[in-house]
Protein chains: 2
Amino acid sequence: MVGISASDLMSPTRFAFLLAHVEQFKGKLYVVHPTGTREDFMGVDVYPSLADIPGPVDHVISAVSRERTGQVAKECIAKGVKGILVYTAGYSETGEKEGIETERELVRICREGNLRLVGPNCMGIYCPKSGMTFGPDVSTEAGSVGFIGQSGGLLMRSGALMPRHGVRFSKIISYGNAADLDECDYIEYLVQDPDTKIIGAYIEGVKDGQRLLKVLKQAAAAKPTIIVKGGLTQAGSRAAASHTASLAGSKEVWEAAMRQTGAIWVADLDELEDMFLAFQFVPPPKGRRIVVLGTGGGNGVFAADDCEREGFVLPPFDAAMREKLGGANFTNPIDNVLLFGYKAGLGLLQALSRMDEFDCMLAYLSADVVPQSVDTVQHGLGRTLEAVIDFAKESPKPLLLVITPTYAEFGLKEKAWNSGVLALYPTTARATKALARLMSYYEMKAQREA
Amino acid sequence: MVGISASDLMSPTRFAFLLAHVEQFKGKLYVVHPTGTREDFMGVDVYPSLADIPGPVDHVISAVSRERTGQVAKECIAKGVKGILVYTAGYSETGEKEGIETERELVRICREGNLRLVGPNCMGIYCPKSGMTFGPDVSTEAGSVGFIGQSGGLLMRSGALMPRHGVRFSKIISYGNAADLDECDYIEYLVQDPDTKIIGAYIEGVKDGQRLLKVLKQAAAAKPTIIVKGGLTQAGSRAAASHTASLAGSKEVWEAAMRQTGAIWVADLDELEDMFLAFQFVPPPKGRRIVVLGTGGGNGVFAADDCEREGFVLPPFDAAMREKLGGANFTNPIDNVLLFGYKAGLGLLQALSRMDEFDCMLAYLSADVVPQSVDTVQHGLGRTLEAVIDFAKESPKPLLLVITPTYAEFGLKEKAWNSGVLALYPTTARATKALARLMSYYEMKAQREA
């Protein structure tokens, strides 16, 4: 059950925004508003106060003014509410005395009343399993990735964008100023959450570095844990301070800390998505011997460079290996095979996956082709991609897919995204980096467990 | 004038592909074919042999079999043709004796007859000014970027894709095995070509390293010169050898070599495009003090990190500076201003551009917003982007634009690409890296000229 508390001064637009976050919610939903009616609030039951709601309320989303938020918290405590999420900004992130003190007072009220506080200055929770989303167009498909972070904008974008690329979330939690619950609390929660198999965190600043290291070590021992850090420079740190009142640390400190914990430290949200996809779809390879199936000379050269740079080996084909594939004149990367359509493509993938000489596979679709043969290519590439998807469903070897940008959109990426079985990357550089990080994670885990 | 020479065994599809490359050609076009008629070849005049064409022929595009190519070269020489472009593959890139010897013989014929050879094993020339494109859908807008490279696929993709992102080419030359003319010849040509202001090269391997260094030094002294190198690892080098019969070098050697020459060495085609856009649209900033205008806390933190990492300084706003902007509570990066629409956005950009405290500007549009307010955002962002475009037309300060990926396509990127005045980047990391490289180039040039 969710109650929304709002002042009678809140604009209808603002209120519609709040309601849209929860309009797919599967539990019971109430609006608290002194004068509004059901007609004003999209048919949701309206009560003049929290106390008037019949039966228990678990969670309250509040966007009333800063001045009234403390009072709402008190009403929550009186009603027996367990958690309050405060969108409202204007607290410690302003750097001003009044904001800092009001935040401290809000935390005091919540803690005294055993009411846990998410925020303030945040953008809410995405929990597709219970139908809490960031809006009506956002996916309600639940998955295994738990993602927490201080930034509302970045997390909302991730919640809306990443599911279109195949990432399925258990929870996304935007926690803003972290005045009560902080990154350590949320990560500890995700570690024990049975729906979460992969943990991601966007962190701007840390209040208790020692505790964070301990928590990350526990997290990485239990589940793949990926960290993005904002504010690693002086300028970035200043920006973080004015954003969520956070103290940031230097790059060197973070690098050393991450190595200690076993968590994977990535540079940005793109790399974070790359790791979510890898851990969702790619089991750990047994070794670093890779076979690349590509479509074109220059791409093959870059792919080979990227593989070797990330520590992978491309075993060349000898006569015996070519024999297993029917005697063709193969090199590794294999040139031009992925335009061969469904049957030949699937046959080749299957034959390669049975060869002991390779531990993992990188398939590479590229439409570096003549614009006037768009139909042929679209059909050929489309059928080949179908072979890759069908193969991926039962592949005995870890497989990644790359589709490079092209002059025309063939709908290939969408097809791969929607397959629900493939980790798709826009470049071989990103694919091989993600695969290398995934292997390092599992190797580190095995070492620590040994 | 262009003649196409083809064996009577060539498939109609293959021939259509060749013709499509030149169907927008502004000069006179002929087909050479022993039995075909105008009706067979899209209405182009057909002659049974080169000798039968009335009047002179400047350039021949040949895709006949390897076995017949030498004979075609001889016919070209007899006709007084100046250059032949050979699509046909199967030469030295096969690594086999017959291919190597046939290539050597083809080069001997061409050089004896003073016929210059592009290729073999290449995908042709894109020269929008004369209407030679990679196909009917490829831009015919001519510009200032000259791009050469061994890979046909990568260069065709660039020719089709980069113009959609605002890059305008003078020439793209795919030269395959470089059997006669090689990278040094093409770069020397672009250095003296008045239509070319910016030089790019994708290089897999080099036959004469000393000459290349000399040529690159001359090129970089004259025009911004950007190099992408494929085959920097053992695996990549092997792939390059089977692709265009090239010997590659190590990363360390290239790094040192590029520093010597003053050319800019980038990692991949994305970074190459980033530099093309920067040199097209961004004049050299006077210094490294940057102001960032953005839309949201987390993005601002990353943007500040990226700026400082690339050597830029974000001067904070003091009271006097805020006064110039009307007293608002600005920080640098400036938060949330780019949603303010046309008038406020343009006013702020203009005011900032007049401030002596900044040398360059980074505008940052991001739709990290609530899905249900798509209309508002689309309108707001769209109007703001119009302000950025109008401002860019007469900006007294170098300006870059970033538009981050979002859950919905608002047509913003297309609007920026089509403006013809803006260097657009998908991340602040790529924008700041491109700007830093641009500054380094101009600084190096000034030092050498001093």
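The values are calculated or read from the model by the stated rules, or taken from the named source; none is laboratory data. Bear in mind that the values here come from a model prediction, so they are computed numbers and not experimental data. Every residue, glycine among them, receives a Cβ derived from its backbone with ideal geometry; neighbour counts consider all protein chains shown.
Below are the figures for this structure:
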| quantity | calculated |
| --- | --- |
| Test: residue in the range A:137-150 that is of a type in the set (A, V, I, L, M, F, W, C) and under 20 Å from B:G294 (Cβ atoms) | no |
| Residue, surrounded by the fewest Cβ atoms within 10 Å (Cβ to Cβ), within the range A:272-289, restricted to residues that are under 15 Å from A:I227 (Cα atoms) and among the charged types (D, E, K, R) | A:E273 |
| Qualifying residue in the range A:163-170 (condition: closer than 20 Å to A:D274 by Cα and buried (at least 24 other Cβ atoms within 10 Å of the Cβ)) | yes |
| Residue within the range B:201-209 that is crowded, with 23+ Cβ neighbours inside 10 Å and more than 14 Å from chain A (Cβ to nearest Cβ) present | no |
| All positions within the range A:159-200 that are within 14 Å of chain B (Cβ to nearest Cβ), in a loop (DSSP other than H, G, I, E, B) and under 29 Å from A:L106 (Cβ atoms) | A:Y175, A:G176, A:N177, A:A178 |
| All positions within the range B:407-426 that are crowded, with 20+ Cβ neighbours inside 10 Å and not aliphatic (A, V, I, L, M) | B:Y407, B:Y425 |
| Number of positions in the range A:428-450 that are crowded, with 17+ Cβ neighbours inside 10 Å, over 14 Å from A:L272 (Cα atoms) and charged (D, E, K, R) | 1 |
| Hits in the range A:251-272 (condition: closer than 27 Å to A:P163 by Cβ and out of contact with any Phe, Trp or Tyr (no Cβ under 8 Å at 6 or more places or on another chain)) | A:A263, A:V266, A:A267, A:D270, A:E271 |
| Residue match in the range A:246-262 (condition: within 30 Å of A:L365 (Cα to Cα), among the aliphatic types (A, V, I, L, M) and assigned to a helix (DSSP H, G or I)) | no |
| Looking only at the range A:88-124, and only at residues there that are of a type in the set (A, V, I, L, M) and away from chain B (no Cβ under 14 Å), the one that is surrounded by the fewest Cβ atoms within 10 Å (Cβ to Cβ) | A:I100 |
| Residue match in the range B:295-305 (condition: farther than 30 Å from A:A241 by Cβ, within 9 Å of chain A (Cβ to nearest Cβ) and among the acidic types (D, E)) | no |
| Among (1) more than 14 Å from chain A (Cβ to nearest Cβ); (2) in a helix (DSSP H, G or I); (3) touching a residue at least 12 places away in the same chain (Cβ under 8 Å); (4) within 25 Å of B:S92 (Cβ to Cβ) - the single one B:M156 does not satisfy | (1) |
| Check on A:A328, outside any helix (DSSP H, G or I) and either farther than 21 Å from B:G230 by Cα or β-branched (V, I, T) (or both) | yes |
| Failed condition for A:L85, given (1) more than 22 Å from A:P34 (Cβ to Cβ); (2) of a type in the set (A, V, I, L, M); (3) assigned to a strand (DSSP E or B) | (1) |
| Filtered residues of the range A:161-192 (kept if over 22 Å from A:T102 (Cα atoms) and among the polar types (S, T, N, Q)) | A:S170, A:Q192 |
| Residues satisfying the stated conditions in the range A:14-46, i.e. more than 31 Å from the chain's Cα centre (by Cα), in a strand (DSSP E or B) and in contact (Cβ under 8 Å) with a residue 24 or more places away in the chain | A:V32 |
| Condition broken by B:I290, with the remaining ones in (1) in contact with a helix residue (DSSP H, G or I) (Cβ under 8 Å, 6 or more places away or on another chain); (2) assigned to a helix (DSSP H, G or I); (3) at pLDDT 95 or above; (4) over 30 Å from B:N121 (Cα atoms) satisfied | (2) |
| Subset of the range A:412-432 that is away from chain B (no Cβ under 12 Å) and over 18 Å from A:P163 (Cβ atoms) - its residue that is farthest from the chain's Cα centre (by Cα) | A:L412 |
